[in-house]
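Scroll down for the structure; my scribbles are underneath it.
The values are calculated or read from the model by the stated rules, or taken from the named source; none is laboratory data. In this text, all values refer to a predicted model and were calculated from it rather than measured experimentally. Cβ: placed from backbone, ideal geometry, glycine included. Neighbour counts: every protein chain shown. With ligands, DNA and RNA removed, areas are computed over all heavy atoms of the protein, side chains included. Shrake-Rupley method; radii C 1.70, N 1.55, O 1.52, S 1.80 Å.
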Amino acid sequence: MEKYDGGEAARVRPDDPWYDALASGWDELDGAGARASAVPHARRQPEGRTGTAAEIYLEVQRSPAFQEVRSRYRRFVFPGVAVFFTWYVAYLVAATTAPDLMARPVAGAVNVAMLAGLGQFLSTFLLTWAYARHARLRRDRAALELRWNTQELTRETER
C-alpha cells in the first residue's frame, strides 16, 4: 500500500511500519544492565551541496555509523552460524556413523537420537531469540537512524 504526503499525487511514500514508528529497543538495557550503546551519526552536516541519490547512498555506506552496524551484525552472525552449523553437522554425522550410540535408550522409549533431534529444535529457537535480541539492542536503533537520515537526504535532492 502507499501513503500520500500532502496534496500532490506525485509525492508518494511506502506504507512501511518502520517509517512512522520508533524501533523497539530504544532506551532499553543491554544484558549487563547498562544502556545499549549508540553508534556515531551517519551523515555530516549538509554543506549546501546537492548530489544524486546514488551518491548519498554511497556516502552513507562509507560512513562510520553504517560500518559499525555492519560490524555488529557480522560479529554476531558469523560465530552464530559457525556454532549452529557445527552442531547440525555433528548431529548428522552421529546419526549416520554411530547408530548404536543414537539408539541408546535414555528414559523408556526416548533415546539419544530423539533428544538430539529435540535439541536441534531447541537450539534453533534459542538462536532465533538471541538474534532478535541482539538486533533489537545493538542494531535496530542505529539502522533506523541511518534509514531516516538517508531518506531525508534523498528527499532534499528531489526538491
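Using a 1.4 angstrom probe on the protein heavy atoms only, could you order 148, 129 from most to least accessible area?
129, 148
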Can you list the residues, at least 5 places off or on another chain, whose amide H is less than 5 Å from the amide H of residue 111, using H built in the peptide plane? 106
Listed residues 156, 59, 145 arranged by accessible area, highest first, probe 1.4 Å: 156, 145, 59
Leaving out ligands, DNA and RNA but keeping every protein chain, what accessible area does residue 131 have, in Å² rounded to the nearest 10, with a 1.4 Å probe? 90
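Residues with beta-carbon under 12 Å from that of residue 75, excluding residue 75: net charge, scoring Lys, Arg +1 and Asp, Glu -1?
Values: positive: 70, 72, 74, 138, 139; negative: 68.
Spelling it out: positives minus negatives among the neighbours equals +4.
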Show 102, 114 ordered by accessible area, largest first, where the area counts protein heavy atoms only and the probe is 1.4 Å. 114, 102
If you count only protein heavy atoms and use a 1.4 Å probe, how large is the accessible surface of residue 157, to the nearest 10 Å²? 50
Calculate one ³J(HN,Hα) per residue across region 81-93 by plugging θ = phi - 60° into the Karplus curve 6.51 cos²θ - 1.76 cosθ + 1.60, and present them in order as whole Hz with x for glycine and proline. 5, 4, 5, 5, 5, 4, 4, 5, 5, 4, 4, 5, 5
For region 64-77, Karplus couplings with θ = phi - 60° (6.51, -1.76, 1.60), whole Hz, Gly/Pro x: x, 5, 5, 4, 5, 4, 5, 5, 5, 4, 5, 5, 8, 5
For residue 106 the rounded accessible area (nearest 10 Å², probe 1.4 Å, non-protein molecules ignored) is 80
